[in-house]
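To start, the structure under review is shown below, and the notes come after it.
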Amino acid sequence: MEEQLEVQEKLRADHQRTYEENVNQLMERMKRDSRNAIAEHDRVLQARLREQNDLLQQGFDDRAHQMQREIDALKGAKAEEEQKTPSFMSTALDTVGTAATLFLPGIIPKVGGMAVKWLPKWF
């Protein structure tokens, strides 16, 4: 009985460690993708600003105004990407909720863990 309990505890610890590693890898990938997307928006935005400036200097006002609309759309896309980055608190709540759901015995702690996990998505 004690051996079985030890095996279960080791298995639970292994599951928790694996879960934490997977969450950390996923968060790092999300952060890296977000940084890459923001950098790409910045690069395209700078190129469009230079092109617009060149058009204005050459006297192509209509094309320059169209370019300004495209630049504004790029700025909006960049702002949206920056807002997608999850905060530390939402990541922490999600991790705590998932851990509680997976590792605490009984239905009440599992329901509480699920509520904590979904809390950041409601706000």
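Assorted remarks:
- With respect to being of a type in the set (D, E, K, R), surrounded by 13 or more Cβ atoms within 10 Å (Cβ to Cβ) and modelled with pLDDT of 85 or more, Glu21 falls outside the description.
- Breaking point among (1) open to solvent by 50 Å² or more (accessible area, probe 1.4 Å); (2) at pLDDT 85 or above, for Arg69: (2)
- Test set (1) among the small types (Gly, Ala, Ser); (2) at pLDDT 75 or above; (3) surrounded by 15 or more Cβ atoms within 10 Å (Cβ to Cβ) - Gly113 fails condition number: (2)
- Long-range neighbours under 7 Å by Cβ, at least six apart or interchain, first residue open to solvent by less than 80 Å² (accessible area, probe 1.4 Å) within the stretch 45-60, second charged (D, E, K, R): Leu45/Lys75; Leu45/Lys78; Arg48/Glu70; Leu55/Arg63
- Qualifying positions in the stretch 76-87 - in a helix (DSSP H, G or I) and either among the aliphatic types (A, V, I, L, M) or surrounded by fewer than 14 Cβ atoms within 10 Å (Cβ to Cβ) (or both): Gly76, Ala77, Ala79, Glu80, Glu82, Gln83, Lys84
The values are calculated or read from the model by the stated rules, or taken from the named source; none is laboratory data. Since we're looking at a predicted model, the values are computed, not measured. Note: ideal-geometry Cβ built from the backbone for every residue, glycine included; neighbour counts use all protein chains shown. The accessibility values were calculated without ligands, DNA or RNA, using every heavy atom of the protein model including side chains. Shrake-Rupley method; radii C 1.70, N 1.55, O 1.52, S 1.80 Å.
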